[in-house]
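Notes to accompany the following structure.
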Amino acid sequence: MQSTRRNLLKAGWGLGLLAAFGAALLKPGRALAAWNKGAFEAKSAIDAMRALGMSSTEESKDIVIRAPDIAENGAVVPIDITSNIPGTTAISVFIEKNPFPYAGTFDVSQGAMPFVHIRVKIGESSPVRVVVAAGGRYFTSVKEVKVTIGGCGG
Amino acid sequence: MKQALVLGIVVAVAAAPWLPAAAQTPDPTAAEFDKFREIMEQDNPAELFEVKGEELWRARRGPKNASLERCDLGLGPGVVQGAYAQMPRYFADAGRVMDAEARIVHCMVTLQGFKFEELAKQPFSSLVRTPDPVSLVTYVAAQSRGMKIAAPRGHPKERAAYETGKAIYFYRAGAFDFSCASCHGVDGKRIRTQPLPNFTKPEQAIRAVQGWPGYRMTGGVMHSLQWRLNDCFRQQRFPEPGYTSETLSALLTYLTVNANGHVYRGPGIKR
Amino acid sequence: MRLASAGVLAIAAAFLASCATPQRDYRPDALAMMKRDFHARGIAGVDRLNEDGVQAACNKHADDPPQAVADKLQKEQLAGINLPADGKLLGDWKSGEKIAQSGRGMMWSDKGGDGGSCYNCHQIGPRESSFGTVGPSLYQFAKLRGYGADIQRYVYGKIYNAKAYSLCSQMPRFGHVGALTEGQMKDLTALLMDPASPVNQ
Amino acid sequence: MAEPMKIRATLQGDVADVRVLMAHPMETGQRKDAAGKLVPLHFIQSITAQLNGKTVFSADVSQAVSRNPVFAFKVKGAKAGDKLSVTWQDNTGDKRTDELVIRAGS
């Protein structure tokens with residue numbers, strides 16, 4: 001096994017993957033599975049990723065995350081994500097310190113470029129983790145966003 | 001193979017302790033904000049309110065079932081293009097200098113028959129409600145996008161409003177001895193991480209006008225300059241200024257005239 | 001030719017003079033307008049529009065009053081500072097840090113005093129990067145200046161009434177106007193003066 | 001109830017740069033109202049974009065998306081005259097679809 005490869009879970013990933021595939025098959029016309037309640041309600045990024053069947057991820061420099069080092073306001077943090085990984089099908093975002101870290105998945109497999117711009121709430125300074133699905137594998141990159149206090153605090 | 005499977009998610013970034021530098025010129029925090037300002041302005045939820053304001057402008061409303069299309073914003077009845085960039089100005093029919101929102105409210109009262117007291121009851125946006133004058137002033141402001149700020153100084157009352165506004169700007173009182181100038185009177189300072197423009201200088205005064213009306217990220221609501229000044233006085237520890245009062249129009253005259261000649265970019269986005 | 005240009009100059013000079021001359025004082029107009037337009041809200045009464053002696057002197061002289069005026073008023077302000085009866089000036093720096101963080105107090109949206117708004121204007125502790133720059137950095141305050149009783153008294157007094165030391169300082173008079181309690185001012189003094197405070201590490 | 005979106009599409013070659021503004025409170029379920037009562041979760045859960053009726057982009061999102069959401073994405077194989085529609089659905093079942101006809105690039 002490559003040392004750069006990071007595996008997330010002890011067990012159960014096969015099941016998760018199967019479940020994800022199954023759900024996708026059940027909903028033709030829509031690339032994503034049904035809104036994944038388990039993943040969205042997970043309290044940690046690792047639990048959310050487990051629920052999404054993201055068994056193992058590899059660090060990748062081919063994911064470009066453009067977000068402020070210091071956000072002017074945590075209520076609206078702009079993030080541009082571009083994947084330069086060939087065969088990218090989906091982009092998922094996890095704000096690790098948020099109470100519910102999983103922020104969403106963007107399916108670009110049906111005719112969109114591997115790019116998305118989003119604006120999200122970041123409660124406190126946090127790593128923003130992006131996971132890209134490509135060719136049945138998962139790649140990841142992280143960007144730290146610092147949230148500051150502006151204004152007079154009154 | 002399975003030895004690697006044990007890893008939990010690796011918190012890849014061990015947050016390096018951030019050691020603040022005492023003196024920072026230019027302010028790197030402010031520079032970082034500016035880098036993303038353009039992206040934020042490119043797609044600005046303010047546009048949603050601009051659209052709503054245009055509908056309100058054209059709709060027949062109020063007890064008199066009239067639209068605002070005959071409202072005179074200073075360039076003649078119904079002329080909206082460029083009007084915002086040329087206010088505050090003196091209006092003979094009202095006998096006073098009015099800023100854009102004061103004038104719009106005046107038209108809502110005189111043309112549509114709304115009651116001022118009703119409009120003044122809850123004049124600022126909340127999470128559940130955006131008052132009509134806020135959407136309207138957003139629409140009107142958008143019709144001056146790309147134009148030069150040119151608040152008139154021809155009428156004696158306009159010149160008096162400027163001087164009175166200036167005196168208000170520098171007037172220290174209240175529980176904390178603050179004036180507007182306490183925060184906005186010197187260059188290069190900030191409150192927490194928020195840069196404080198010095199509005200007494202022409203090249204910085206534009207920042208009192210630019211971006212307003214603004215979509216405020218805090219709360220995610222649309223706010224006008226009437227709100228901005230109201231909330232400044234709150235934090236200045238003053239009592240509350242009347243909505244669309246002459247005090248606020250005078251202060252806005254001082255700030256806008258100082259910004260004359262700069263290009264107004266339309267409704268903006270604020271922290 | 002000479003005459004003509006002299007004439008032009010004279011006219012220009014007269015014009016300039018008429019523009020520059022008797023700069024009318026608009027402060028009475030401003031105050032009258034504000035008194036007409038402001039209303040009381042919550043704890044913020046319209047009486048707050050009235051200047052006290054210090055404010056009047058600073059307003060009148062654009063924050064730069066003549067030395068004699070400043071000296072006299074500063075002396076009065078200094079005399080009004082009540083040091084704690086128990087003689088102890090250092091409270092709990094941890095509580096001081098919380099007070100320094102809060103930007104609330106004395107607004108119409110507040111019930112009364114609350115925090116010190118210190119980080120709004122000052123760098124203080126090493127962990128807070130969101131600090132203002134209106135006032136000087138207070139990081140390593142006592143480490144750089146010493147921990148002595150006289151410096152403690154100065155810190156407490158400055159928080160109580162900054163105008164006793166510099167008449168037109170932009171810093172509020174927290175004790176003088178009752179925005180902070182004696183206990184809170186002790187805690188803030190400890191934040192700056194306690195050798196154990198992170199400020200002095 | 002749901003207010004119109006504002007959609008912009010700019011053609012660059014055969015790629016449409018699509019930018020969407022949505023009016024939605026995106027309540028996190030953690031905010032208290034003026035009366036001190038928790039405001040219930042209310043947020044857009046899914047977004048779908050179709051080019052001439054065929055899905056080209058879709059997303060599932062959480063309440064972490066900011067109030068009055070802004071999204072941008074890029075659609076391949078677009079040309080002037082194509083119909084682009086965007087639909088969102090929130091957790092209460094509320095839905096909104098808006099569409100535009102893509103205009104020639106500048």
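The values are calculated or read from the model by the stated rules, or taken from the named source; none is laboratory data. Bear in mind that the values here come from a model prediction, so they are computed numbers and not experimental data. Positions of Cβ are backbone-derived with ideal geometry, glycine not excepted, and every protein chain shown enters the neighbour counts. Areas reflect the complete protein model, heavy atoms only, side chains present, ligands, DNA and RNA absent. Shrake-Rupley method; radii C 1.70, N 1.55, O 1.52, S 1.80 Å.
List of remarks:
- Residue by residue, the stretch D:67-81 carries 3J(HN,Hα) couplings of 4, 6, x, 10, 10, 9, 8, 10, 9, 7, x, 9, 9, 4, x Hz when phi is fed to the Karplus relation 6.51 cos²θ - 1.76 cosθ + 1.60 (θ = phi - 60°); x denotes Gly or Pro.
- Entries in A:Lys146/B:Lys35; B:Lys148/B:Lys189; B:Lys166/C:Lys60; B:Lys157/C:Lys60; A:Lys61/A:Lys97 that, when Cα-Cα distance is taken, lie over 18 Å: B:Lys148/B:Lys189; B:Lys157/C:Lys60; A:Lys61/A:Lys97
- Cα-centred dipole magnitude for the protein assembly as shown, charges only on beta-carbon of K, R (+1) and D, E (-1), debye, nearest 20: 600
- A 1.4 Å probe run over the protein chains yields, for the stretch A:45-154, 30 Å² of accessible area per residue, whole-number rounding.
- Annotation for B:Leu75 and C:Asp64: the two label points, set 7 Å from Cα along the Cα-Cβ direction, are 4.2 nm apart.
- In order through the stretch C:125-135: 3J(HN,Hα) via Karplus (6.51 cos²θ - 1.76 cosθ + 1.60), integer Hz, x for Gly, Pro: x, x, 8, 9, 8, 8, 10, x, 10, 5, x
- Sulfur and carbon atoms: percent of accessible area, chain C [1.4 Å]: 59
- With every protein chain in place, chain D: carbon and sulfur % of accessible area (1.4 Å): 49
- Sorting C:178-190, B:113-125 by average packing, meaning the other beta carbons within 10 Å per residue, from highest down gives C:178-190, B:113-125.
- Accessible area that becomes buried as A packs against B, both chains, 1.4 Å probe, Å², nearest 100: 3100
- At least 20 Å² of accessible area lost relative to the chain alone, listed for the stretch D:64-87 with a 1.4 Å probe: D:Ala64, D:Val65, D:Ser66, D:Arg67, D:Asn68, D:Val70, D:Phe71, D:Ala72, D:Lys74, D:Lys76
- In the full protein context, the stretch B:125-175 carries 36 Å² of accessible surface per residue, based on a 1.4 Å probe and ignoring ligands, DNA and RNA.
- Protein heavy-atom accessible area occluded, B/C pair - total, 1.4 Å probe, Å²: 4200
- Choice from B:Arg145, B:Arg159, B:Arg129 with maximal GNM fluctuation in chain B (Cα, 10 Å cutoff): B:Arg129
- Accessible carbon and sulfur surface of the stretch B:78-140 relative to its total accessible area, %, 1.4 Å: 53
- Cβ screening of chain B for cysteine pairs under 4.7 Å finds these without a partner: B:Cys180, B:Cys183, B:Cys232.
- C versus A: buried accessible surface, summed, Å² (probe 1.4 Å, to nearest 100): 500
- Only the Cβ atoms of Lys and Arg (+1) and of Asp and Glu (-1) were treated as charged; on that basis the dipole of the stretch A:72-154 about its Cα centre amounts to roughly 80 debye.
- Evaluated at q = 0.13, 0.16 Å⁻¹, a Debye calculation over the C-alpha positions of chain B (equal weights, vacuum) places log10 I(q)/I(0) at -0.86, -1.29.
- The distance linking the stretch C:40-67 with the stretch D:88-106 is 55 Å (Cα centroid to Cα centroid, whole angstrom).
- Simple rule: put +1 on each Lys or Arg Cβ and -1 on each Asp or Glu Cβ in the protein assembly as shown, find the dipole, and look at C:Gln140, B:Ala46, C:Asn120; the Cα lying farthest toward the positive end is B:Ala46.
- Selected from B:Ala208, B:Ala173, B:Ala141, residue furthest toward positive end of dipole (chain B; charges at beta carbon): B:Ala173
- Shape metrics for the protein assembly as shown, restricted to C-alpha atoms - Rg then Dmax, Å: 29.2, 103
- Gaussian network model of chain B, springs between alpha carbon atoms under 10 Å - residue of B:Val186, B:Val128, B:Val105 with greatest fluctuation: B:Val128
- Placing unit charges on the Cβ atoms of the charged side chains and taking the dipole of the stretch D:42-87 about its Cα centre, the candidate lying farthest along the positive direction among D:Leu51, D:Thr87, D:Gly77 is D:Gly77.
- Peptides B:189-200, D:27-38 ranked from most to least packed, by the mean per-residue count of other Cβ atoms within 10 Å: B:189-200, D:27-38.
- Chain C, relative contact order [Cα under 8 Å, separation at least 6], %: 23
- Averaged over the residues of D:31-38, the number of partner chain Cβ atoms lying within 10 Å of the residue Cβ comes to 1.
- In the context of the full set of protein chains, the stretch C:113-176 has a per residue accessible area of 37 Å² (1.4 Å probe).
- Scanning residues 5 or more positions from C:Gly91 or on other chains, those with amide H under 5 Å from its amide H are C:Asp187, C:Thr189, C:Ala190, with H placed 1.01 Å from N in the peptide plane.
- Heavy-atom accessible area, 1.4 Å probe, ligands and nucleic acids excluded: residues of the stretch C:105-138 down by at least 30 Å² from chain alone: C:Met106, C:Met107, C:Trp108, C:Asn120, C:Gln123, C:Pro126, C:Ser129, C:Ser130, C:Phe131, C:Thr133, C:Val134
- Against the compact-protein benchmark of 2.2 N^0.38 Å, the Cα-based radius of gyration of the stretch B:122-271 scales to 1.01.
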